[in-house]
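*Asks:* First the structure, which I've put down as structure tokens, then a few questions once you've had a look.
The values are calculated or read from the model by the stated rules, or taken from the named source; none is laboratory data. Being a predicted model, the structure only gives us computed values, none of them experimental. Using ideal geometry, Cβ is built from the backbone for each residue, glycine included, and neighbour counts are taken over all protein chains shown.
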Amino acid sequence: MEMVPRISRAQKMDALSSMSTAVGYKAALLAAGSLGKFFPLLMTAAGTIAPARVFVIGAGVAGLQAIATSRRLGAVVEAFDVRPAVREEVQSLGATFVAPDLVAEAAVDKGGYAKALSEEQHAREQKLLEERVKMNDVVITTAMIPGKPAPRLITAAMVRQMKPGSVIVDLAAETGGNCELTRPGEKIVAHEVTIIGFLDLATMLPTHASQMYSRNISALLLHLVKDGQLAPDFDDEITRESCFTRGTKPSEMAAARSGS
């Protein structure tokens with residue numbers, strides 16, 4: 001399912017987007033639940049309470065959902081992504097897109113994913129992140145590169161500069177984490193900052209995550225079936241790109257498993 005091409009025709013089969021929607025939403029709720037502050041601006045008899053500040057790194061489906069949910073909760077949100085196409089999407093959700101001068105078409109691959117940056121670009125990005133991370137109460141990171149370890153964006157030194165009680169939700173924990181101190185599958189406190197590296201947040205929303213995923217699977221199966229029979233057309237981009245293996249004999253598969 002993760003190999004389904006992310007094209008308009010295959011949107012209803014896109015399980016990655018479905019699960020990322022659930023993950024981004026849950027990330028914002030986890031952050032709000034772990035932060036010892038209100039998210040919204042409050043005018044109370046005891047005085048005015050300033051809204052929480054949230055910084056989202058990576059504005060793919062998960063990042064955009066984290067932005068939207070944080071905004072609904074009343075936080076002031078800003079976001080960063082190296083892909084120029086997402087700038088308007090970020091702004092449409094009421095968030096501030098920081099450092100537009102750092103975005104580049106060269107940082108986008110053919111599937112619309114971010115690519116690894118050059119050393120010069122990475123150095124400029126690190127300087128930006130160092131400035132923004134320490135200004136915010138919550139940082140939600142979503143930066144991943146398909147087939148490669150997650151880029152390290154938040155160093156231990158940056159965490160030390162964050163305000164006590166701040167929260168990092170690292171959605172790239174499964175592939176190593178965007179934060180140097182993330183422990184995959186765990187919630188820890190380091191330098192008085194809570195770092196959440198839970199895996200598979202979609203399972204925390206089982207009803208709707210299952211509903212969306214089942215619809216993705218049924219849409220793909222209906223695409224592969226003609227007149228009640230499985231009839232994959234390998235000239236079709238969706239079928240071709242979703243195919244994991246084809247035409248391998250059982251004996252060859254066994255030999256591959258044994259390493260011979």
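*Asks:* Considering each residue of region 129-172, count those that are in contact with a strand residue (DSSP E or B) (Cβ under 7 Å, 6 or more places away or on another chain) and within 19 Å of Met19 (Cα to Cα), and give that number.
*Replies:* Going through region 129-172, the residues in contact with a strand residue (DSSP E or B) (Cβ under 7 Å, 6 or more places away or on another chain) turn out to be 129, 132-133, 135-143, 145, 153-154, 159, 162, 166-172.
Right, trim to within 19 Å of Met19 (Cα to Cα) and you get 140-143, 145, 169-172.
Selection size over region 129-172: 9.
*Asks:* Quick check: anything in region 213-233 part of a loop (DSSP other than H, G, I, E, B), aliphatic (A, V, I, L, M), exposed (fewer than 11 other Cβ atoms within 10 Å of the Cβ) and free of Cβ contacts under 8 Å to residues at least 12 places away in the same chain?
*Replies:* So in region 213-233, the residues part of a loop (DSSP other than H, G, I, E, B) come out as 227-228, 231-233.
Next, from what is left, pick out any that are aliphatic (A, V, I, L, M): 231.
Next, only the ones that are exposed (fewer than 11 other Cβ atoms within 10 Å of the Cβ) stay: 231.
Going one step further and asking which of them are free of Cβ contacts under 8 Å to residues at least 12 places away in the same chain, we end up with 231.
There is at least one residue in region 213-233 that is part of a loop (DSSP other than H, G, I, E, B), aliphatic (A, V, I, L, M), exposed (fewer than 11 other Cβ atoms within 10 Å of the Cβ) and free of Cβ contacts under 8 Å to residues at least 12 places away in the same chain.
*Asks:* Which members of region 174-211 meet the condition of being buried (at least 19 other Cβ atoms within 10 Å of the Cβ) and either within 14 Å of Val23 (Cα to Cα) or hydroxyl-bearing (Ser, Thr, Tyr) (or both)? Break it down stepwise before answering.
*Replies:* Taking region 174-211 first, the residues buried (at least 19 other Cβ atoms within 10 Å of the Cβ) are 177-179, 181-182, 193-198, 201-202, 209.
Within region 174-211, Thr182, Thr194, Ile196, Gly197, Phe198, Leu201, Ala202, Ala209 qualify.
*Asks:* Suppose the filter is buried (at least 23 other Cβ atoms within 10 Å of the Cβ), more than 14 Å from the chain's Cα centre (by Cα), of a type outside the set (Asp, Glu) and on the phi < 0 side of the Ramachandran plot; does Ser92 pass it? Talk me through it step by step, then tell me what you get.
*Replies:* Working: buried (at least 23 other Cβ atoms within 10 Å of the Cβ): no; more than 14 Å from the chain's Cα centre (by Cα): yes; of a type outside the set (Asp, Glu): yes; on the phi < 0 side of the Ramachandran plot: yes.
Spelling it out, it is not the case that Ser92 is buried (at least 23 other Cβ atoms within 10 Å of the Cβ), more than 14 Å from the chain's Cα centre (by Cα), of a type outside the set (Asp, Glu) and on the phi < 0 side of the Ramachandran plot.
*Asks:* I would also like to ask the following. Filter region 30-56 for residues that are aliphatic (A, V, I, L, M), buried (at least 18 other Cβ atoms within 10 Å of the Cβ) and in contact with a Leu (Cβ under 8 Å, 6 or more places away or on another chain); which is farthest from Thr141 (Cα to Cα)? I'd like the intermediate steps shown before the answer.
*Replies:* Residues of region 30-56 aliphatic (A, V, I, L, M): 30-32, 35, 41-43, 45-46, 49-50, 52, 54, 56.
Next, from what is left, pick out any that are buried (at least 18 other Cβ atoms within 10 Å of the Cβ): 30-32, 35, 52, 54, 56.
Within this subset, residues satisfying the condition of being in contact with a Leu (Cβ under 8 Å, 6 or more places away or on another chain) are 30, 32, 52.
Details: Leu30: 13, Ala32: 15, Ala52: 17 Å.
Ranking the qualifying residues of region 30-56, first place goes to Ala52.
*Asks:* Let me ask something additional. Give the residue, chosen from Thr203, Thr182, that is at pLDDT 95 or above, among the hydroxyl-bearing types (Ser, Thr, Tyr) and assigned to a loop (DSSP other than H, G, I, E, B).
*Replies:* Details: Thr203 fails: assigned to a loop (DSSP other than H, G, I, E, B).
Among Thr203, Thr182, only Thr182 is at pLDDT 95 or above, among the hydroxyl-bearing types (Ser, Thr, Tyr) and assigned to a loop (DSSP other than H, G, I, E, B).
*Asks:* Separate question: Looking at Arg160, Arg87, Arg72, can you tell me which residue is at pLDDT 80 or above, of a type in the set (Lys, Arg) and over 20 Å from Ser34 (Cβ atoms)?
*Replies:* Result of the check over Arg160, Arg87, Arg72: Arg87.
*Asks:* Please find, within region 137-151, the residue that is modelled with the highest pLDDT out of those that are surrounded by fewer than 24 Cβ atoms within 10 Å (Cβ to Cβ) and more than 12 Å from the chain's Cα centre (by Cα).
*Replies:* Selected residue: Asp137.
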